[in-house]
1. Show me the strands (runs of 3 or more DSSP E) found entirely inside the stretch 1-44 where at least 1 residues are touching a Leu at 6+ places or on another chain (Cβ under 9 Å) and farther than 30 Å from E102 by Cβ.
2. Consider D72 carefully, then state whether it is within 19 Å of Q3 (Cα to Cα) and among the acidic types (D, E).
3. So which of Q51, Q13 is surrounded by 13 or more Cβ atoms within 10 Å (Cβ to Cβ) and not charged (D, E, K, R)?
Amino acid sequence: QVQLVESGGGLVQPGGSLSLSCSASGSILVVSVMGWYRQAPGKSREFVASQWSGGNTPIAPSVRGRFAVSADFVKNTTSLKMNALKPEDTAVYYCHARISSEWGTAPSDYWGQGTQVTVSS
């Protein structure tokens, strides 16, 4: 099995900064992508940013220029640095990873337990 453990998050004032971290462990052969999604109250989970092992780093237009994602595919960790936070960034943030555990099998998507980010004065 694979586990994703997140850290970071909390309460921050508008305009402030926060960082989230996530570490994957367990039965890991290959990690092809690591990144972040978020879910605000009453809304569906939405993509925030990710980094692929090949180097691509797609990011949602709503956070471009404010958030930055990075991943270490040797340590199997990812982080999300969030600057210029807005109240609309308030959500539960989930770490995501696509991981292959065995040769010849399709990769699976794994999720962290979620960490709350609240932007409020």
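The values are calculated or read from the model by the stated rules, or taken from the named source; none is laboratory data. These numbers were taken from a predicted model, which means no experiment stands behind them. Every residue, glycine as well, gets a Cβ built from its backbone with ideal geometry; the counts of neighbours run over all protein chains shown.
1. Filter on the stretch 1-44 gives 2-8, 10-12, 18-26.
2. yes
3. None of the other options fit; the residue is Q51.
Yes/no matrix, rows are residues, columns are (1) polar (S, T, N, Q); (2) more than 17 Å from L18 (Cβ to Cβ); (3) at pLDDT below 95:
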{"residue": "A40", "(1), (2), (3)": "no, no, no"}
{"residue": "R45", "(1), (2), (3)": "no, yes, no"}
{"residue": "G65", "(1), (2), (3)": "no, no, no"}
{"residue": "A71", "(1), (2), (3)": "no, yes, no"}
{"residue": "K81", "(1), (2), (3)": "no, no, no"}
{"residue": "T90", "(1), (2), (3)": "yes, no, no"}
{"residue": "C95", "(1), (2), (3)": "no, no, no"}
{"residue": "E102", "(1), (2), (3)": "no, yes, yes"}
{"residue": "G114", "(1), (2), (3)": "no, no, no"}
